[in-house]
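Engineer: Following this message is one structure expressed as structure tokens.
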Amino acid sequence: MRKILLIHTGGTIGMEGQDHLEPGHYATALVEQLPEYVGFAKIDSAILCNLDSSDIGPAQWTALTKMIASQRNHYDGFIVVHGTDTMPYTASACAFALEGLDKPVVFTGAQRPLGALRNDARRNLADSIEIATLDIPEVGICFDGLLMRGCRTCKVNTRAYHAFDSPGCEPLAKLGVDITLGKHIRRPTAPFRCSPSFDANVMAIHVTPGLQLNTLYRLLDGERCLDGIVLIPFGVGTIPCAESNLASFVSRATAQGIDVLVANASVGKIDLNLYENSRGLLEAGAISGGEMRLEAALVKLMHACATYPNRDERLEYLRWNVAGELE
């Protein structure tokens, strides 16, 4: 029988009186809701934290990746119960920190709690249990019948059960009458290594019409407070150039040792060579984030800044397709 560790971090799925359960009670409650899985897998439970996902960040990412790494040899798969709002950030953190992952790490949650009469929690949990027993050595988000690559997933709806999507990346698995696995499931190419550090001195800047450069320059004045910036431009990487020179801000930031990673606001790949209004970013030292969206780009830059103090190594890491986030 396969062994699964279910790690509880909080979220809607455990609300309505279930938010202070001890690990043993939580596992019991889960089995009671899914009696058909009693003989399917042995499920142990641990409570990492019990937080609204808006309160989960680098400290919890570090604790979670350390917990998974420490228990890796004792279990065949992991399920992480997590609130939906920041689930893609935490999933990305695990994807980058657990290098050479050889077992499934499945994130799931719900739009309605397990105790509600009509809920999505039961299906998401049941699907996650089956996925956690399969040979899918990736970090994924299992929701509404789909397993999506964690570092390519974003939340797309707050009021529907189809809360997540992975634009530009096909699901790793589709769970219908049968489970259909994607042909693009990644396999480990290096020995397992846990690098659980994240630098919180990273921020995201969305390029908008009329963005004032003077406001941005204040971020660079005085004592350095940033280690990295995720820049979200228009389209494939264009920025306003007619009345302001955003590339000059990027150039000044990179000259100060601040890495600038360009991420995508839509579906497609960042291409800083395609338009005149994007080449300035490349010349200023910005790094193309490929198909990464905000969630993965921000977490990857935080991980890079904390893990690679040597800038050349850091930039090489940012250009490396670590977990399928770039393409």
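Engineer: In region 170-183, is there at least one residue being among the aliphatic types (A, V, I, L, M) and under 18 Å from the mean Cα position of the chain (by Cα)? I'd like the intermediate steps shown before the answer.
Structural biologist: Of region 170-183, the ones among the aliphatic types (A, V, I, L, M) are 172-173, 175, 177, 179, 181.
From what's left, under 18 Å from the mean Cα position of the chain (by Cα): 172-173.
For region 170-183, residues among the aliphatic types (A, V, I, L, M) and under 18 Å from the mean Cα position of the chain (by Cα): present.
Engineer: So, one more: Name every residue in region 101-129 that is out of contact with any strand residue (DSSP E or B) (no Cβ under 7 Å at 6 or more places or on another chain) and of a type outside the set (A, V, I, L, M), in order of residue number.
Structural biologist: Once the filter is applied, which keeps residues that are out of contact with any strand residue (DSSP E or B) (no Cβ under 7 Å at 6 or more places or on another chain) and of a type outside the set (A, V, I, L, M), region 101-129 yields 102, 111, 112, 113, 115, 118, 119, 120, 122, 123.
Engineer: Go through region 208-247 residue by residue and tally those that are within 26 Å of residue 168 (Cβ to Cβ) and loosely packed, with under 11 Cβ neighbours inside 10 Å.
Structural biologist: The total comes to 2.
Engineer: Separate question: Please find, among 110, 200, the residue that is touching a residue at least 12 places away in the same chain (Cβ under 8 Å), part of a loop (DSSP other than H, G, I, E, B), within 18 Å of the chain's Cα centre (by Cα) and crowded, with 22+ Cβ neighbours inside 10 Å.
Structural biologist: Values: 200 fails: crowded, with 22+ Cβ neighbours inside 10 Å.
Result: 110 is the single residue among 110, 200 that is touching a residue at least 12 places away in the same chain (Cβ under 8 Å), part of a loop (DSSP other than H, G, I, E, B), within 18 Å of the chain's Cα centre (by Cα) and crowded, with 22+ Cβ neighbours inside 10 Å.
Engineer: Here's a follow-up. Please pick out the residue among 136, 185, 205 that is of a type in the set (A, V, I, L, M, F, W, C), in a strand (DSSP E or B) and surrounded by 15 or more Cβ atoms within 10 Å (Cβ to Cβ). So that I can check it myself, show each step before the final result.
Structural biologist: Details: 136 fails: in a strand (DSSP E or B); 185 fails: in a strand (DSSP E or B).
Just one listed residue meets the conditions, 205.
Engineer: Here are 115, 100, 57: which of them is closer than 17 Å to residue 296 by Cα and surrounded by fewer than 23 Cβ atoms within 10 Å (Cβ to Cβ)?
Structural biologist: So the residue among 115, 100, 57 that is closer than 17 Å to residue 296 by Cα and surrounded by fewer than 23 Cβ atoms within 10 Å (Cβ to Cβ) is 57.
Engineer: Name the single residue that is surrounded by the most Cβ atoms within 10 Å (Cβ to Cβ) among those in region 140-182 being over 17 Å from residue 327 (Cβ atoms) and touching a Gly at 6+ places or on another chain (Cβ under 6 Å).
Structural biologist: Start the filter on region 140-182 by keeping residues that are over 17 Å from residue 327 (Cβ atoms), which leaves 140-147, 155-165, 173-181.
Narrowing further to those that are touching a Gly at 6+ places or on another chain (Cβ under 6 Å): 140-141, 147, 175.
Details: 140: 30, 141: 33, 147: 31, 175: 20.
Among those residues, the one meeting the criterion is 141.
Engineer: Here's another thing I want to ask about it. For region 268-314, name all the residues that are acidic (Asp, Glu), in contact (Cβ under 8 Å) with a residue 60 or more places away in the chain and part of a helix (DSSP H, G or I). It would help to see each step written out before you state the result.
Structural biologist: Going residue by residue through region 268-314, those that are acidic (Asp, Glu) are 271, 276, 283, 291, 295, 312-313.
With in contact (Cβ under 8 Å) with a residue 60 or more places away in the chain added as a condition, the list becomes 291, 295.
Once the filter is applied, which keeps residues that are acidic (Asp, Glu), in contact (Cβ under 8 Å) with a residue 60 or more places away in the chain and part of a helix (DSSP H, G or I), region 268-314 yields only 295.
Engineer: Which residue out of 268, 324, 257, 289 is under 19 Å from the mean Cα position of the chain (by Cα), at positive phi and assigned by TED's automatic domain parsing to the domain that holds residue 236? Please lay out each step first, then the result.
Structural biologist: Numbers: 324 fails: assigned by TED's automatic domain parsing to the domain that holds residue 236; 257 fails: under 19 Å from the mean Cα position of the chain (by Cα); 289 fails: at positive phi.
None of the others qualify; the one that does is 268.
Engineer: Return the only residue of 218, 224, 187 being out of contact with any Asp or Glu (no Cβ under 7 Å at 6 or more places or on another chain) and under 26 Å from residue 143 (Cα atoms).
Structural biologist: 187
Engineer: Okay, moving on. Anything in region 107-118 that is in contact with a Phe, Trp or Tyr (Cβ under 7 Å, 6 or more places away or on another chain) and modelled with pLDDT of 95 or more? List them, or say none. Steps first, please.
Structural biologist: Quick first cut of region 107-118, residues in contact with a Phe, Trp or Tyr (Cβ under 7 Å, 6 or more places away or on another chain) only: 108, 111.
Scanning region 107-118 gives a single hit, 108.
The values are calculated or read from the model by the stated rules, or taken from the named source; none is laboratory data. Note that the structure is a prediction, hence the values are computed from the model and not measured. Here the Cβ is made from the backbone with ideal geometry for all residues, glycine too, and neighbour counts use every protein chain on show.
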